[in-house]
Amino acid sequence: MYCRKTFEELLDLNSPVKPFSFSYGGKTCDLSQVPCTIETGTGGNRKMIYEVVPGTVRLTLEMTVWPDFPVIEYTPYFENIGSADSGIISEVSVLDYEAEDPVFFGEQRLKQWDPTGNSKISVRYHLGSKAAGSDFLPQKRDLFSRPGLNKLEMECASGRCSTDYLPFFGVDNDPMNGINIAIGWSCAWKCSVEKEITEIIWGRGKKSRIRCGMKRAAFRMHPGERLMQPGILIHFRENKSIRDGQNEFRRFMIAHHAPRNRRGELIVPPLLLAFWGGLETDKQIRRIRTAQEQQLPYEGVWIDAGWMGSPGPCPHFLEDTDCSSDWPRRVGSWDFNTYAHPQGLKPISEAAHQAGMRLLVWFESLRIFSGSGAAVIKEHPEWLLGDKQAFAEGKEVNFLLNIGIPEARKYLFDTVSGIMEREGIDDYREDFNMEPDAALASGDEPDRIGVTEMKFVEGFYLFWEELRKRFPDMYIDNCASGGRRLEYKAASFSFPLCQSDFACFLPYEEECVPLEHLYLDDWLPQHGTLNWGPADPYHMACGLGGGMGCKVWQFNGREPKPDDDYDLHRRLVQWGKQLRDIHMTGDVYPLVEGPETDWRKWSGQQIHDPQKNCGMVQIFRRKNSPDPEFQLKLAGLDPAAVYEVEFFTGEKSRLAGRELASLVIRLDSPRSFQIIKYQKTGDKK
């Protein structure tokens with residue numbers, strides 16, 4: 001079955017089957033005949049080097065067998081070590097893992113035939129991000145050895161990795177055993193999980209197979225070329241429930257795939273005041289000073305799109321004005337919009353720093369609109385990917401900056417880092433509002449399909465790595481149209497503060513946002529959302545749980561008012577920071593099963609830190625919930641211990657663990673919420 005033992009058997013030098021597969025020159029490569037050597041490093045690192053075609057093609061798996069978690073991850077690299085072009089490499093599965101499934105429904109024994117067993121496997125996966133209320137919802141598929149029921153295929157319809165599905169999924173042998181798999185690739189991937197059918201009439205089949213790889217790859221390599229493939233991460237869940245397995249996966253991601261500052265401290269998703277980039281400098285500064293005067297505990301200021309390009313008004317797209325927003329047409333220009341910011345962004349960064357806050361600024365670095373006036377269009381057209389014929393015909397197009405070219409990557413790094421240093425910008429927000437697949441394909445030669453994408457993805461990681469080296473205390477906000485480029489390698493450098501663009505618009509169903517938090521928490525502990533602020537406390541509470549960009553004063557028409565309830569505003573931000581912090585150390589437990597399946601249900605989650613013996617509960621009586629009471633069922637509490645308990649509504653009490661674990665919460669009105677924090681004391685009851 002899928003477990004560490006069967007996977008490590010595939011890694012054995014003498015194993016006739018390997019955990020990956022591909023064809024070379026049109027024929028399946030027989031890896032049992034390929035010599036392999038192992039170079040051992042420190043901390044579980046190793047290289048497995050396969051001489052696929054001696055003297056010509058080498059495959060290296062750069063692998064980490066983590067000593068502190070039941071996790072193995074690796075990234076394959078193909079390399080041409082010869083003096084001539086290689087043959088065509090195709091049908092690459094960076095993970096090709098076959099195992100015999102345990103009998104689930106018992107054996108059937110007939111005298112004249114071998115005994116047969118009915119087996120199944122289950123696949124847990126999640127929808128991706130499409131700025132919709134269904135973003136990140138969980139799905140499950142049971143697979144059987146029956147036609148039409150034996151295969152699940154997932155594939156990126158476009159070129160961003162988490163638009164259609166999250167590149168994280170689980171394959172379960174049974175409720176207590178299985179594996180979690182993550183794919184490290186920022187562009188298009190595909191995956192299939194398939195039960196074999198050895199006999200259709202009887203529905204026989206003992207094995208299943210998992211295959212993952214790039215969506216498009218059939219290429220020859222030039223001499224000296226080295227090409228990266230998608231990374232694979234496998235987490236082995238043995239003798240653990242699915243919930244315990246997901247919490248272990250969360251702890252692994254925090255330990256090994258989360259950004260840290262120069263002192264090695266975890267960088268947490270912040271709670272920020274978000275301003276539209278086209279909002280004038282003086283108005284942004286006045287809002288910052290109001291936050292400072294009212295002691296609103298925001299950790300930073302977020303400047304979004306609209307600050308760049310030619311001089312002229314660039315209102316927010318929801319702003320009540322006769323002037324339409326043209327921010328997408330400005331992308332590619334690195335000039336300041338001097339209509340809004342005559343002195344650049346330096347005055348805003350100085351005001352933010354004086355108020356004790358950091359400054360996060362929006363960049364869209366990889367898309368270049370042909371009408372933006374960007375100098376690179378004329379100076380280096382060879383760095384651009386896209387429909388150049390349409391551009392030559394006078395049509396407007398979006399180009400993709402090909403940072404797989406080292407010189408283009410250096411130009412981008414120098415440009416971005418120079419702006420950040422001159423303007424006093426602390427943190428970098430990268431948006432990416434185009435599907436890159438067609439542009440990437442335009443850079444390929446007929447016998448090198450996928451090569452442009454391979455170099456582009458590696459260049460993307462190198463660009464972020466260099467930025468974090470230059471600014472070691474910086475975080476990267478990974479936007480990409482709201483959560484459309486989420487994967488485990490990117491998580492090492494970044495987190496999404498706009499996990500879905502669903503919350504960009506008004507009106508929207510705020511009760512969908514806690515579901516985004518709930519289901520992203522299983523795979524990516526660090527994330528955040530946009531929110532329109534405390535005028536509606538229930539609305540703002542729905543956005544709490546991770547980082548947040550609060551748009552309460554985002555653009556003209558949304559200004560601070562003398563009669564604003566700053567006490568409530570302050571308290572919501574304070575409790576939001578506490579919820580964010582416990583998410584970085586605690587295990588997550590949903591309090592309601594499938595809240596998305598019935599909107600009359602309450603919704604909520606517990607976050608429990610077993611090391612600190614504390615936790616928090618976030619619970620919502622949703623607008624369609626008829627029942628004013630909900631009984632908690634909390635995990636991890638000591639029944640006999642005493643806990644100090646504090647409620648968002650102000651009450652404080654001391655409760656025994658057994659009382660707290662089954663506490664009844666009453667909320668008299670629909671569309672209401674409660675937040676509870678608890679800490680174990682040394683007392684016993």
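The values are calculated or read from the model by the stated rules, or taken from the named source; none is laboratory data. Computed from a predicted model, the values in this text were never measured in an experiment. Cβ sites come from the backbone with ideal geometry, for glycine too, and all protein chains shown count toward neighbours. Just the protein is used for accessible areas: all its heavy atoms, side chains included, with ligands, DNA and RNA removed. Shrake-Rupley method; radii C 1.70, N 1.55, O 1.52, S 1.80 Å.
Observations on the structure shown:
- Residues of the range 283-299 that are within 28 Å of S481 (Cβ to Cβ) and either modelled with pLDDT under 95 or touching a helix residue (DSSP H, G or I) at 6+ places or on another chain (Cβ under 7 Å) (or both): Q284, I288, Y298.
- Selection within the range 311-325 - open to solvent by 50 Å² or more (accessible area, probe 1.4 Å), within 33 Å of the chain's Cα centre (by Cα) and either modelled with pLDDT of 95 or more or not polar (S, T, N, Q) (or both): F317, L318
- When T42, T64, T56 are checked against the criterion of being within 30 Å of Y488 (Cβ to Cβ), among the polar types (S, T, N, Q) and buried (at least 17 other Cβ atoms within 10 Å of the Cβ), T64 stands alone in meeting it.
- Hits in the range 225-252 (condition: farther than 21 Å from C212 by Cα and of a type in the set (A, V, I, L, M, F, W, C)): I242, F252
- Of the criteria (1) open to solvent by 20 Å² or more (accessible area, probe 1.4 Å); (2) without any contact (Cβ under 8 Å) to a residue 60 or more places away in the chain; (3) more than 20 Å from L137 (Cα to Cα); (4) within 31 Å of the chain's Cα centre (by Cα), which one R671 fails: (2)
- Scanning the range 98-114 for residues that are out of contact with any Lys or Arg (no Cβ under 7 Å at 6 or more places or on another chain) and either modelled with pLDDT of 75 or more or part of a loop (DSSP other than H, G, I, E, B) (or both) returns P102, V103, F105, G106, E107, R109, L110, K111, Q112, W113, D114.
- Evaluated against (1) farther than 30 Å from P436 by Cα; (2) touching a residue at least 24 places away in the same chain (Cβ under 8 Å); (3) surrounded by fewer than 24 Cβ atoms within 10 Å (Cβ to Cβ), I267 falls short on exactly one condition, (1).
- The numbered conditions (1) modelled with pLDDT of 95 or more; (2) surrounded by 22 or more Cβ atoms within 10 Å (Cβ to Cβ) are all true for R251 except (2).
- Whichever residue in the range 628-668 is of a type in the set (D, E) and surrounded by fewer than 12 Cβ atoms within 10 Å (Cβ to Cβ) and, among such residues, is nearest to D598 (Cα to Cα): E629
- Qualifying residue in the range 140-156 (condition: open to solvent by less than 30 Å² (accessible area, probe 1.4 Å), in contact (Cβ under 8 Å) with a residue 60 or more places away in the chain and either among the charged types (D, E, K, R) or at positive phi (or both)): no
- Selection from the range 157-204 of residues that are open to solvent by less than 10 Å² (accessible area, probe 1.4 Å) and of a type in the set (G, A, S): G159, S162, G170, G178, A182, G184, S186, A188
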